[in-house]
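Enquirer: Okay, here's the structure, questions in a sec.
Since every read-out is calculated from the coordinates, none of them should be taken as a lab result. Not measured: the values here are computed from a predicted model. Cβ coordinates were reconstructed from backbone atoms using ideal geometry, including for glycine residues, and neighbour counts include every protein chain displayed.
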Amino acid sequence: MEIIAEIAQAHEGSLGNALSYVNACAKHGIKTIKFQIHIAEEESSPKEQFRIPFSLQDASRYDYWKRTSFSLDHWRIIKNHCDKLGITFLASPFSLTAVSWLNSLGVEVFKIGSADIVNQILLHEVRKTAKRVILSSGLSSLSTLKTAVSCFESAGISVDILHCVSSYPCTPEQININKINELKAIFPGTRVGFSDHSGSVYGGIIAATIGAEIYEFHLCFDRLQFGPDSTSSIEIREIPLLLSGVDFAIKAKEAKAHNQSLSHNLRIFAKSIISRRDLCVNDVIRIEDLDFRKLNGDGIDVENVDSVIGQTLTHNVRAGHVFSKEDFQ
C-alpha cells in the first residue's frame with residue numbers, strides 16, 4: 001500500500017518547518033510526502049468563505065493563503081531536499097500557475113483535490129503534462145468523478161482514486177470505508193485508496209484491511225499546534241504505530257495457510273490411540289478399551305478411531321500400548 005503524508009499548510013508558511021516535515025518523514029520511513037501549492041492571487045479572493053473566521057492572524061482566507069504560500073524557488077528547495085532523502089515529492093495544484101510550477105519541478109504525479117474535480121480548466125491543464133493523476137472524491141458526485149477519470153484515461157493517463165470525506169476531522173461514522181470497494185467495482189483496473197481526515201491511526205489500519213492500495217493522511221507536529229488541519233492530522237510521534245498497524249493488517253489480510261507449518265502443528269497437537277487396559281489376542285476392540293495421548297504423531301491418530309473399533313487383535317497388548325495397523329487382523 002502506498003502511504004502518503006499530507007502536510008498541506010501545516011508548515012504555516014515556514015520553509016524551515018516544511019523541511020523539518022521532510023526530515024521527519026524520512027526518519028520514520030514515509031516514502032511520499034505531499035504539499036499544496038496555493039497562490040492566493042491565482043485562486044482566491046477576499047470573498048472566499050471556507051473556514052472563515054479561524055485565525056486572528058488572517059482577516060480573510062485570501063490572507064491565509066498569502067501568508068502560508070511559497071515561491072517557486074522555495075518549492076524547488078523543498079523538492080530537492082526530498083530528492084536528496086529519497087522521498088517522492090507530491091503536491092496538489094490549485095491554479096494554472098501551480099500546474100506549471102509543478103511541471104517545471106519535474107514531478108511525476110499530480111494530485112487533484114476534490115473541489116477541483118469539476119474544474120475542467122484545471123483538469124485539462126494537468127492532462128497536458130501527461131503525468132499520472134490521483135483524484136480525491138470528497139466533494140464530487142459519481143457523475144463528476146467519472147467525467148474527471150475519463151478526461152485523463154481518454155488521453156492514456158493513469159488515474160488513481162482516493163475515497164475521501166471532506167469533514168475536518170472526520171468521525172468514524174462518516175468514514176464509510178466500504179466506499180473503497182464500491183469505487184473498485186465502478187472503476188475496474190483503477191487503484192483505489194483512502195484520503196483520511198480522521199486524525200487517527202485507525203483509519204489507515206482499516207483501509208489496509210479492506211484492501212486500499214493508497215493511504216493518505218494529514219501530518220502535524222502536534223494536534224495542539226495552530227492550523228486548520230491539526231485536529232484532522234496524525235502526529236509525527238504516531239507514525240511508527242500507524243506503519244506497524246498497517247503492516248500487521250496487510251500481512252493478516254494476505255496471509256495464506258503454510259502447509260509445512262500446519263503439518264508441524266498438527267503433529268505437535270495430535271493425539272494417538274492407546275490401550276486403556278491389558279488386552280488379549282482375538283479381543284475385539286471396543287471404544288471402552290481405548291485411550292489417547294500426545295505422541296508427536298506416532299501410532300494411529302485419534303481422528304481415525306472408527307477404523308480401530310471392531311478390529312480383532314493379533315496378539316496380547318499391555319495397558320498404554322500404542323496401536324498400529326500391525327496389531328489387527
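Enquirer: For the chain, what is the Kirkwood estimate of the hydrodynamic radius, computed as the reciprocal of the mean inverse distance between distinct Cα atoms, to one decimal in Å?
Expert: Working: mean 1/r = 0.0423 Å⁻¹.
When all Cα pairs of the chain are included, the Kirkwood radius is 23.6 Å.
Enquirer: One-quarter of the Cα convex hull surface for the range 259-322, in nm²? Before the final figure, lay out each step's value.
Expert: Values: hull surface 16.8 nm².
About 4.2 nm², averaged over all directions.
Enquirer: Can I ask one more? Lysine pairs in the range 181-329 8 or more apart or on different chains: how many have alpha carbons under 24 angstrom apart? Provide the component values of the computation, followed by the final result.
Expert: On the way: Lys184/Lys251; Lys184/Lys253; Lys184/Lys256; Lys271/Lys294; Lys271/Lys325; Lys294/Lys325.
Summing the qualifying lysine pairs gives 6.
Enquirer: What per residue convex hull volume, in Å³, comes out for the range 1-129 when only alpha-carbon positions are used?
Expert: Values: hull volume 15.2 nm³, N = 129.
In the range 1-129, the Cα convex hull volume per residue is 118 Å³.
Enquirer: Please report, for the Cα atoms of the range 112-263, the Rg to one decimal and the Dmax as a whole number; what are they, in angstrom?
Expert: Reported Rg and Dmax, both Å: 17.3, 61.
Enquirer: Based on the mean of other Cβ atoms within 10 Å per residue, sort peptides 227-238, 136-147 so the most packed one is first. It would help to have the intermediate numbers written out before the result.
Expert: Numbers: 227-238: 19.3, 136-147: 16.2.
Ranked from most to least packed, the peptides come out as 227-238, 136-147.
Enquirer: A follow-up question, please. Given the peptides 30-42, 239-251, arrange them by the average over their residues of other C-beta atoms within 10 Å, most packed first.
Expert: Order by mean packing, descending: 30-42, 239-251.
Enquirer: With a 10 Å radius around each residue's Cβ, average the other Cβ atoms per peptide and rank 77-86, 189-198, 20-29, highest first.
Expert: On the way: 77-86: 15.0, 189-198: 22.7, 20-29: 16.8.
With the highest mean Cβ count within 10 Å placed first, the list reads 189-198, 20-29, 77-86.
Enquirer: Once Lys and Arg get +1 and Asp and Glu get -1 on their Cβ, which of Leu183, Leu266, Asn304 lies farthest toward the positive end of the dipole of the chain?
Expert: Leu183
Enquirer: Can you compute the modelled spin-label distance between Leu241 and Glu303, with each label point 7 Å from Cα toward Cβ, in nm?
Expert: Output for this residue pair reads 4.2 nm.
Enquirer: Given +1 on the Cβ of Lys and Arg, -1 on the Cβ of Asp and Glu, and no further charges, what dipole in debye does the chain carry about its Cα centre, rounded to the nearest 20? Intermediate results must be reported in sequence, preceding the final value.
Expert: On the way: 34 positive and 38 negative charges, 89 e Å.
I would put it at about 420 debye.
Enquirer: Shifting gears a bit: Give me the distance in nm between label points sitting 7 Å out from Cα along the Cα-to-Cβ direction at Asp83 and Glu182, one decimal.
Expert: Going by the 7 Å Cα→Cβ label model, 4.2 nm.
Enquirer: Take the Cα pairs of the range 217-329, get the Kirkwood Rh, then feed it into Stokes-Einstein at 25 °C and 0.890 mPa s and tell me D in µm²/s.
Expert: The Stokes-Einstein estimate is 131 µm²/s.
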